[in-house]
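Structure first, commentary second.
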Amino acid sequence: MMNSNLLKGLTLFAASAAAFGAMAQDIRIEHLSPSHTYLRLNGSDKQLLLPIQESVDDAKINVIVDGKLERTFYARLAKNKTDFTVPFDMSPYKDKNVILEVVSPHSRATLREAQDDAAWGDLKLVDKFDTTNREKYRPMFHHTPQYGWMNDPNGMFYKDGVWHLYYQWNPYGSKWQNMTWGHSSSKDLINWEHHPAAILPNGLGTVFSGSSAIDKENSAGFGKDAVVAMYTSCSDNQTQSLAVSHDNGETFDIYPGNPVITLDSEARDPNMFWNPETKQWVLILAHALDHEMLIFTSPDMKEWTLQSSFGKGLGAQGGVWECPDLMELEVEGTNEKKWMLICNLNPGGPFGGSGIQYFIGDFDGKKFTADTDANGNVPTKWLDFGKDNYALVSWSDAPDGRRPVVGWMSNWQYAADVPTTQYRSANTLPSEIKLFKDDNGEIYASLVPVKEIDAMRGNLAVNLKKCSISGKPRNIDLPAANKGICEISMTINPKNSQEVNLVLSNKRKDQVVMTYNVENATFSFNREKSGITDFSKDFPAVTTAPTFGTSDLLTLRIFIDTSSIEIFGNDGRFAMTNLVFPNEPYSTLSISVQKGKAEISNLKVYSLKTNKSF
């Protein structure tokens, strides 16, 4: 006679399996238990929609194809409710026997609890995943993934008129996991075309950040003009791996000799470039926990020699060092060239969380030596004075001597908690990086929006040549088209005033307060009442930048998107990037002063065009 408890369990299983089979054709439960579930998918070439609930832990999903483990990924499969769905592409497995082994993180004691998970009833097979935007705050003119989590930009290069942007991507949820190289491309650095994932996790681990370069001399033997990517493979440790593309970055083949660099400590985010003077490749590698950068050289990208290290005890040391970039630039207005080493840092940024520090100095092909200030110290310098520009790196092989860069527009303090779900995070506007000298002869870096951005300008909504500003606010209506996205430019002459205040606001009483403090020569940005701010205690903040002005005059370019404001002051001598989540678009710019009078000239407000369908 069958045990009653076993009979009860089989009955529950049969009932749940029958319901599941009726819901989704070609999917059936092979096994259901409190900790493991087997889903069989029969020969489909469709997209399996995975139901995601952000508040639960990741389930481990093993993809077993014809009896062999093909890959493993993680997803927050819905337990109580489905927040959104993400696609798992079945097309590579058409006409094969596929089982998904789901190892649940939920603490469940009985089969009944297991069968009640919302995921089992919400799984679906569809011909095509709908990527139509469902987000209020998705940017209108910044690059974003169509869905899923995004962080660091990776492997960027220019070839044959196309700018390629890769990025850290989780295709299976809007929180960090499953690191993969997503891929987009553009002919103008503004309008982006999405492509299938370029480099997937493999036997050496997930695919962390890295760089790409065009091997014009066939030094590696992969073929002339092959695109070679180097990235960090991450499993129980971090090693450096190569991948090669022979179709201009659309697809990559993993180099069978990986890994090419192994260390006994945490190191990541390789950034390599060809040094024409030494006829060698140079690699900068972040020795993350040691707060330093390692410099390697190689004749062929495969065999690397450690030449030097830089950074011990220098600069900001409050967090891990990541995402390096090393480049030679002209100092504007001089015949001088200097090297700039970018060192992204998290935490320890100037306003908490993530930040971009850099060093100016000299590089002899093997060693970087930082310049010192008048007191003989190596100064800490910051590239962006907002909270939301991180992991900034440059495109390789850019034409005409250009050095365009782009960052991840968020902060590790709250990136996973911002009020979006279909996607998380955008990239900053692409900018040109340049060097300048201040009044004391100290060399700093500037960021200037790339020239292609001007093509976004639509109607000139406001064109005010000159006006006097007093304590009574001067109100200026902002364009309403395209969710209020716009560009604002102006010159501020403070005259005898102490402060000039610029306030962005809407009818919901959201406001961003920007203040030019004349005496301190600073520009601040207050988003404490900017809209939705309560998702993180670290989000309401005031950020402040030195203006690096040669006089009291202050020039500004301000770019407002649906969930961000980027400011470039004094021809990019200071930059400030901050996320905002207003309850409705900002509709008014108010300008006033504290005591005395100021003058605003060349105030222009452009509505901005976008080719996005949302």
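What ³J(HN,Hα) values, in whole Hz, does the Karplus curve 6.51 cos²θ - 1.76 cosθ + 1.60 give for segment 283-290 when θ = phi - 60°, with x put for Gly and Pro?
10, 9, 10, 7, 8, 4, 7, 8
Under a 5 Å amide H to amide H cut-off, with H placed in plane at 1.01 Å, what residues pair with Asn248 once short-range neighbours are removed?
When sequence neighbours closer than 5 places are left aside, the close amide H contacts are Val227.
Among Ser265, Ala59, Thr85, which residue has its Cα furthest toward the positive end of the charge dipole of the chain, with +1 on Lys/Arg Cβ and -1 on Asp/Glu Cβ?
Thr85
Residue by residue through segment 534-540, what is 3J(HN,Hα) from phi via Karplus (6.51 cos²θ - 1.76 cosθ + 1.60, θ = phi - 60°)? Round to whole Hz and write x for glycine and proline.
7, 6, 7, 5, 8, 7, x
Could you pull out the pairs from Lys381/Lys604; Lys337/Lys437; Lys187/Lys451 whose alpha carbons sit more than 20 Å apart here?
The answer is Lys381/Lys604.
With a/c under 1.5 counting as rounded, go ahead and sort segment 191-294 into rounded, prolate or oblate using the C-alpha gyration tensor (a ≥ b ≥ c being the square roots of the eigenvalues; past the cut-off, prolate if a/b is larger than b/c, else oblate).
Taking the square roots of the gyration eigenvalues as a ≥ b ≥ c, segment 191-294 is oblate.
Apply the Karplus curve 6.51 cos²θ - 1.76 cosθ + 1.60, θ = phi - 60°, to the phi angles in segment 81-98 and return the couplings in whole Hz, x for Gly and Pro.
These are the phi-based 3J(HN,Hα) values: 7, 9, 7, 6, 10, 10, x, 10, 6, 8, 4, x, 10, 4, 6, 10, 8, 10 Hz.
When a/c is below 1.5 the answer is rounded, else prolate if a/b is larger than b/c, else oblate, so apply that to the chain with a ≥ b ≥ c taken from the square roots of the Cα gyration tensor eigenvalues.
In terms of gyration-tensor shape, oblate.
Computing the accessible area with a 1.4 Å probe over protein heavy atoms, can you report the carbon and sulfur percentage for the chain?
The C+S portion of the solvent-accessible surface of the chain is 46 percent.
Between helix 4-23 and the chain, what is the angle of the helix's C-alpha long axis to the longest principal axis, kept within 0 to 90° and rounded to the nearest 10?
Between helix and principal axis, roughly 60 degrees.
Got a sec? Charge dipole of the chain, +1 on Cβ for Lys and Arg, -1 for Asp and Glu; which of Ser33, Ile443, Leu242 is way out at the positive end?
Final value for the positive-end residue is Ser33.
If each DSSP helix of 4+ residues adds -39,500 (n - 2.57) and the sum is divided by the residues in the chain, what number results at 222 nm, nearest 500 deg cm²/dmol?
Calculated at 222 nm, the ellipticity per residue is -1500 deg cm²/dmol.
Would you list which aspartates and glutamates come within 12 Å of Lys387, measuring only between C-alpha atoms, while excluding same-chain residues fewer than 8 positions from it?
Straight-distance partners of Lys387: Asp538, Glu566.
5 Å is the cut-off here: which amide hydrogens, built 1.01 Å from N in the peptide plane, fall below it relative to Arg71, excluding neighbours closer than 5 in sequence?
Sorted by chain and number, the residues that satisfy this are Val63.
Quick query: amide H of Asp152 versus all other amide H atoms, modeled in the peptide plane; which residues come in under 5 Å with a sequence gap of 5 or more or a different chain?
Gln168
Pull up the cross-link candidates among the lysines for Lys94, meaning alpha carbon to alpha carbon under 20 Å and not fewer than 8 places away within one chain.
In chain and number order, the partners are Lys46, Lys68, Lys124, Lys128.
Rounded, prolate or oblate: which fits segment 67-164 when a ≥ b ≥ c are the square roots of the eigenvalues of the alpha-carbon gyration tensor, with rounded for a/c under 1.5 and prolate only if a/b beats b/c?
Prolate shape, in that a/c is at least 1.5 and a/b is the bigger ratio.
Which one of Gly155, Gly348, Gly549 is farthest out on the positive end of the charge dipole of the chain, using unit charges on Cβ (Lys, Arg +1; Asp, Glu -1) and the Cα centre as origin?
Of the candidates, Gly549 comes out farthest on the positive side.
How large is the accessible surface per residue of the chain, computed with a 1.4 Å probe and reported in Å² as a whole number?
Averaged over the residues of the chain, the accessible area is 41 Å².
Let's test the formula: R0 of 35 Å, r as the Cβ-Cβ distance of Thr334 and Asp264. What FRET efficiency results, to the nearest 0.05?
It comes out at approximately 0.20.
Need the list of aspartates and glutamates near Lys366 for cross-linking: C-alpha distance under 12 angstrom, and skip anything on the same chain fewer than eight residues off.
Cα-Cα hits under 12 Å: Glu277.
Taking the Cα centre of the chain as origin, sum charge times position over the Cβ atoms of Lys and Arg (+1) and Asp and Glu (-1), and report the length of that vector in debye to the nearest 20.
Using Cβ point charges on Lys, Arg, Asp and Glu, the chain gives about 1980 debye.
The values are calculated or read from the model by the stated rules, or taken from the named source; none is laboratory data. What you are looking at is a predicted structure, and each value in this text was computed from that prediction instead of being measured. Counting neighbours? That spans all protein chains shown, and the Cβs are built from the backbone with ideal geometry, glycine included. Surface accessibility is based on the protein's heavy atoms, side chains included, excluding ligands, DNA and RNA. Shrake-Rupley method; radii C 1.70, N 1.55, O 1.52, S 1.80 Å.
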